[in-house]
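Everything below concerns the one structure shown next.
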Amino acid sequence: MKKIGIMTTGGDCSGLNTVIQRIMRGASLRGWQVWGILDGTDGLTVAPPAVIRLDDMLLPIENARLAGSFLHNGRVHALNFETAAESGKLKLFNKRLRESLKLLNFDALILIGGNGSLSLAWANRDIYRDLQLVCIPKTIDMDMPLTTRTIGFDTAVQQLTAYCDQLMLTARSHHRWFVVQAMGRDCGMLALYAGVAVGAAAVLIPEIKFDVDDLVKHIKNSATDYGIIIVSEGISLRGHSGKPADMIARKLTAAGIVNRTAFPEHTQRAGDTIASDRILATRFADCALNAIENGETYVMTALECDDVHTVALADFVAAGDCAYDPKVPELLTSNAYVSEQEPLLEVAYNMGIYIGMRR
Ligand code: F6P
């Protein structure tokens, strides 16, 4: 019988509970014991470690569709990698993780995390040397290399789309435009996908240069006097500061375009998990359990051309566009962005969505 641990780290997203529930189900069918670590790595820095035994009574199937993480994602003031790096307590943090894992004696640990958590796990891989480390990618930002989907992305696109759909109606009534600010950090994937789904007039993303005068012209030449402009939170405008949606809105107002701003914020991480995310969560859970059975370690589950398989964490780190985390100077994070080959870019251009300067 194997004893496995699960933890959810970084920001939450919809789909985490589905993957936890499916891991629990698949593991119990194999006769394995599953333990949930509370609050991500924080649960490993306290003594005794904060863990709970998982079974169908604790996370029943009907709750698997709910957003958030049943295991939580971490407290703000807890000792985690970021706070430890900031306060010079990295050695202590790593020591506590090591001690807790030794005490818990897991055969395997499934880490459900984003690019920060996975890059971090790889950088500190020695901590996990006595168990099998299998990672599952999740994030609404879709900024992880080597996988064409992360858990939570599709639901976030749906949430943002539904939010814009509502605004479209009031926009029409008042002959005005809404400038909606999408999450996504430095990656424009969420804004782009929702923009195409909504039929936005424009989508501004960090990866593509845009020109405000061209945007103004595009809006003024639009067939309608209302609509949605999606602005990714990662864009910048030289000589301007403040929230990106506000910067663009001010420019539109100055050009005589009537508009309002809207900030869906964390609603993009909420909402019942949609079917495609539940299916992905189930496939990733199955793949992670098979990987444990096959003796794999330091791997991540990935989707590519509708095939789910594992990739080496080393390859995940090598494949990304590595950047130093501003909050943790020691950590190189592996990032992915909207690439020039992204098929939705071409579709957006062809459908008359202003997206910036075509290369
Ligand atoms: O990485 C997920 C994400 O939702 C980003 O899109 C966003 O910039 C950030 O997290 C928000 O973080 P917080 O929950 O700390 O405000």
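The values are calculated or read from the model by the stated rules, or taken from the named source; none is laboratory data. Since we're looking at a predicted model, the values are computed, not measured. In this analysis, Cβ positions are derived from the backbone assuming ideal geometry, glycine residues included, and neighbour counts consider all displayed protein chains. To get the accessible areas, we keep the full protein, side chains included, count just its heavy atoms, and leave off ligands, DNA and RNA. Shrake-Rupley method; radii C 1.70, N 1.55, O 1.52, S 1.80 Å.
When you scan the stretch 145-161, how many residues do you find that are within 15 Å of CYS187 (Cα to Cα) and of a type in the set (Val, Ile, Thr)?
Here the count works out to 4.
Between residues in the stretch 234-250 that are more than 16 Å from MET183 (Cα to Cα) and residues that are open to solvent by 10 Å² or more (accessible area, probe 1.4 Å) and among the charged types (D, E, K, R), which pairs lie under 7 Å by C-beta distance while being six or more apart or on different chains?
none
Among the residues of the stretch 175-202, which ones are under 11 Å from ILE230 (Cα atoms), out of contact with any Ser or Thr (no Cβ under 7 Å at 6 or more places or on another chain) and away from the ligand (no atom under 16 Å from the Cβ)?
TRP177, PHE178, VAL196, GLY199, ALA200, ALA202 - these are the residues of the stretch 175-202 that are under 11 Å from ILE230 (Cα atoms), out of contact with any Ser or Thr (no Cβ under 7 Å at 6 or more places or on another chain) and away from the ligand (no atom under 16 Å from the Cβ).
Within the stretch 1-23, track down each residue that is aliphatic (A, V, I, L, M) and not in a helix (DSSP H, G or I).
Listed by number, the residues that qualify are MET1, ILE4, ILE6, MET7.
Please work out which residue is most open to solvent (accessible area, probe 1.4 Å), limiting yourself to the stretch 329-342 and to residues that are over 21 Å from ARG149 (Cβ atoms) and more than 19 Å from the chain's Cα centre (by Cα).
It comes out as GLU330.
Looking only at the stretch 120-154, filter to residues that are basic (Lys, Arg) and within 14 Å of LEU109 (Cβ to Cβ); which one of those is nearest to the ligand (Cβ to nearest atom)?
Filtering the stretch 120-154 for residues that are basic (Lys, Arg) and within 14 Å of LEU109 (Cβ to Cβ), the one nearest to the ligand (Cβ to nearest atom) comes out as ARG125.
Return the residues of the stretch 38-81 that are more than 18 Å from the chain's Cα centre (by Cα) and among the charged types (D, E, K, R); say none if nothing qualifies.
ASP42, ARG53, ASP55, ASP56, GLU62, ARG75
Hey, could you check the stretch 247-265 for residues that are of a type in the set (Gly, Ala, Ser) and surrounded by 13 or more Cβ atoms within 10 Å (Cβ to Cβ) and say which is farthest from the ligand (Cβ to nearest atom)?
ALA255
Does the stretch 228-246 hold any residues that are part of a helix (DSSP H, G or I) and surrounded by fewer than 20 Cβ atoms within 10 Å (Cβ to Cβ), and which are they?
Selection gives ASP246 alone.
Here is a list: ALA291, ALA275, ALA302, ALA314. Which entry is more than 16 Å from the ligand (Cβ to nearest atom) and open to solvent by 60 Å² or more (accessible area, probe 1.4 Å)?
The match here is ALA275.
Quickly run through the stretch 105-145 and pick out the residues that are polar (S, T, N, Q), in a loop (DSSP other than H, G, I, E, B) and more than 21 Å from GLY234 (Cα to Cα).
Residues satisfying the conditions are ASN105, ASN124.
If I go through the stretch 331-347 residue by residue, how many of them are out of contact with any Gly (no Cβ under 7 Å at 6 or more places or on another chain) and under 12 Å from LEU192 (Cβ atoms)?
8
If THR9 meets every condition in (1) in contact with a Gly (Cβ under 6 Å, 6 or more places away or on another chain); (2) away from the ligand (no atom under 16 Å from the Cβ); (3) open to solvent by less than 40 Å² (accessible area, probe 1.4 Å) apart from one, which number is that one?
Only one criterion in (1) in contact with a Gly (Cβ under 6 Å, 6 or more places away or on another chain); (2) away from the ligand (no atom under 16 Å from the Cβ); (3) open to solvent by less than 40 Å² (accessible area, probe 1.4 Å) is unmet by THR9, namely (2).
Inside the stretch 314-330, can you point out the residues that are in a loop (DSSP other than H, G, I, E, B) and over 20 Å from GLY184 (Cα atoms)?
The answer is PRO329, GLU330.
Is it true that some residue in the stretch 135-147 is modelled with pLDDT of 95 or more, out of contact with any Cys (no Cβ under 9 Å at 6 or more places or on another chain) and over 21 Å from THR282 (Cβ atoms)?
Yes, there is a match, as at least one residue in the stretch 135-147 is modelled with pLDDT of 95 or more, out of contact with any Cys (no Cβ under 9 Å at 6 or more places or on another chain) and over 21 Å from THR282 (Cβ atoms).
Given the conditions (1) modelled with pLDDT of 95 or more; (2) buried (at least 21 other Cβ atoms within 10 Å of the Cβ); (3) not in a helix (DSSP H, G or I), which single one is not true for LEU345?
With (1) modelled with pLDDT of 95 or more; (2) buried (at least 21 other Cβ atoms within 10 Å of the Cβ); (3) not in a helix (DSSP H, G or I) applied to LEU345, the lone miss is (3).
Hey, can you tell me all the residues within the stretch 118-170 that are open to solvent by less than 10 Å² (accessible area, probe 1.4 Å), aliphatic (A, V, I, L, M) and more than 24 Å from THR267 (Cα to Cα)?
The answer is LEU118, ALA121, LEU133, VAL134.
Any residue in the stretch 106-117 that is of a type outside the set (Asp, Glu) and either more than 22 Å from the chain's Cα centre (by Cα) or open to solvent by 50 Å² or more (accessible area, probe 1.4 Å) (or both)?
Checked against the condition, which is being of a type outside the set (Asp, Glu) and either more than 22 Å from the chain's Cα centre (by Cα) or open to solvent by 50 Å² or more (accessible area, probe 1.4 Å) (or both), the stretch 106-117 yields at least one hit.
Could you please find all residues in the stretch 59-98 being exposed (fewer than 15 other Cβ atoms within 10 Å of the Cβ), outside any helix (DSSP H, G or I) and at pLDDT 90 or above?
PRO60
For the stretch 171-187, which positions are open to solvent by 50 Å² or more (accessible area, probe 1.4 Å), over 19 Å from VAL338 (Cα atoms) and not in a helix (DSSP H, G or I)?
HIS175
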